[in-house]
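As structure tokens, the structure follows; a few thoughts come after it.
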Amino acid sequence: MARKIFIWSAHPAASSLCSALADAYQAGAREGGAEIRRMDLHAMRFDAYFEGYGSPAPALEPDLLAWQENIAWADHLLIVHPYWWGAMPARAKAVLDRALTSGFGFKYHKRGMGWDKLLTGRTADAILTSDTPTLIDTLLYLKPPRRVIRNQVLKFCGVKPRKVVQFGSVKLSDAAKRARWIERAREMGHSAA
């Protein structure tokens with residue numbers, strides 16, 4: 001049975017290194033025989049406004065419902081996003097705020113600090129891009145984007161992280177280095193399949 005992989009390219013621009021990495025991962029996964037679904041943040045239409053979890057949540061727009069449906073369908077996820085100001089872009093974070101909610105990704109217990117992880121049985125890869133060199137991000141900042149996606153997003157919901165990689169510095173990279181990153185993304189996709 002073919003592996004079902006959902007790819008979310010979470011860059012707000014239509015053309016980006018993140019898109020090229022998602023394309024390469026998708027090609028590698030297809031070569032490996034996986035069935036693919038993909039959504040690109042730049043094409044998603046939804047209201048990013050979010051008042052917080054204590055307020056009544058507005059109904060999800062069709063693109064956010066499709067995002068949830070794709071996660072529910074998948075055995076494996078890929079999230080690709082740039083690392084801006086210590087986190088993913090605001091529109092990408094808005095998808096998590098609006099759609100990765102209690103009752104879908106997790107469910108808090110009525111009493112105490114516990115919760116149920118509702119997305120167990122899935123694995124995930126994440127690819128992050130940054131202008132900060134990866135070594136400096138690790139030593140100076142203690143790799144916040146990798147920790148957040150691994151621990152506070154994926155593991156929190158019961159998804160088992162497989163590979164979480166960061167490519168940087170994009171600003172200082174040349175075409176040869178970007179080609180190596182793209183090839184690594186293709187290999188990751190093939191391995192995931």
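Quick note: the coordinates plus some simple rules give every number you see, no bench work behind them. From a predicted model like this one, the values you see are computed outputs, not experimental measurements. Positions of Cβ are generated from backbone atoms using ideal geometry, with glycine treated the same way; all protein chains shown enter the neighbour counts.
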Restricting the search to segment 64-83, which residues are under 28 Å from Trp181 (Cβ atoms) and of a type in the set (Asp, Glu)?
-> Asp75
Odd one out for Phe104 among (1) within 17 Å of Tyr25 (Cβ to Cβ); (2) more than 15 Å from the chain's Cα centre (by Cα); (3) among the hydrophobic types (A, V, I, L, M, F, W, C) | (1)
For residues in segment 111-132 being among the β-branched types (Val, Ile, Thr) and surrounded by 13 or more Cβ atoms within 10 Å (Cβ to Cβ), which is farthest from Phe46 (Cα to Cα)?
-> Thr132
Out of all the residues in segment 29-54, which are over 27 Å from Tyr108 (Cβ atoms) and surrounded by fewer than 15 Cβ atoms within 10 Å (Cβ to Cβ)?
-> Glu31, Gly33, Ala43, Arg45
Filtered residues of segment 12-21 (kept if touching a strand residue (DSSP E or B) at 6+ places or on another chain (Cβ under 6 Å) and either under 11 Å from Met188 (Cβ atoms) or surrounded by fewer than 17 Cβ atoms within 10 Å (Cβ to Cβ) (or both)) | Leu21
Has segment 54-68 got any residue that is touching a helix residue (DSSP H, G or I) at 6+ places or on another chain (Cβ under 8 Å), under 15 Å from Gly158 (Cα atoms) and among the aliphatic types (A, V, I, L, M)?
-> no
Do we have Leu172 as surrounded by fewer than 14 Cβ atoms within 10 Å (Cβ to Cβ), farther than 17 Å from Ala10 by Cα and either among the hydroxyl-bearing types (Ser, Thr, Tyr) or touching a Pro at 6+ places or on another chain (Cβ under 8 Å) (or both) here?
-> yes
Within segment 148-169, tally of residues that are surrounded by fewer than 17 Cβ atoms within 10 Å (Cβ to Cβ), farther than 23 Å from Ser191 by Cβ and within 13 Å of the chain's Cα centre (by Cα) = 1
Tell me, which residue of segment 53-99 that is in contact with a strand residue (DSSP E or B) (Cβ under 8 Å, 6 or more places away or on another chain) and acidic (Asp, Glu) is nearest to Thr134 (Cα to Cα)?
-> Asp75
Identify, from the list Ala66, Ala74, the residue that is surrounded by 14 or more Cβ atoms within 10 Å (Cβ to Cβ) and farther than 25 Å from Val165 by Cα.
-> Ala66
Looking only at segment 137-145, decide whether some residue is among the hydrophobic types (A, V, I, L, M, F, W, C) and more than 27 Å from Tyr53 (Cβ to Cβ).
-> yes
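To keep it simple, each residue is scored yes or no on (1) buried (at least 20 other Cβ atoms within 10 Å of the Cβ); (2) β-branched (Val, Ile, Thr).
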| site | (1), (2) |
| --- | --- |
| Ala24 | yes, no |
| Ala57 | no, no |
| Glu61 | no, no |
| Thr101 | no, yes |
| His109 | no, no |
Selection from segment 25-69 of residues assigned to a helix (DSSP H, G or I) and over 30 Å from Arg186 (Cβ atoms) yields Pro62, Leu65
Every pair of residues 6+ apart whose Cβ atoms lie under 9 Å, when the first sits in segment 130-142 and is in contact (Cβ under 8 Å) with a residue 24 or more places away in the chain while the second is assigned to a helix (DSSP H, G or I) and not basic (Lys, Arg) = Ser130/Asp137; Ser130/Pro145; Thr132/Leu140; Thr132/Tyr141; Asp137/Pro144; Asp137/Pro145
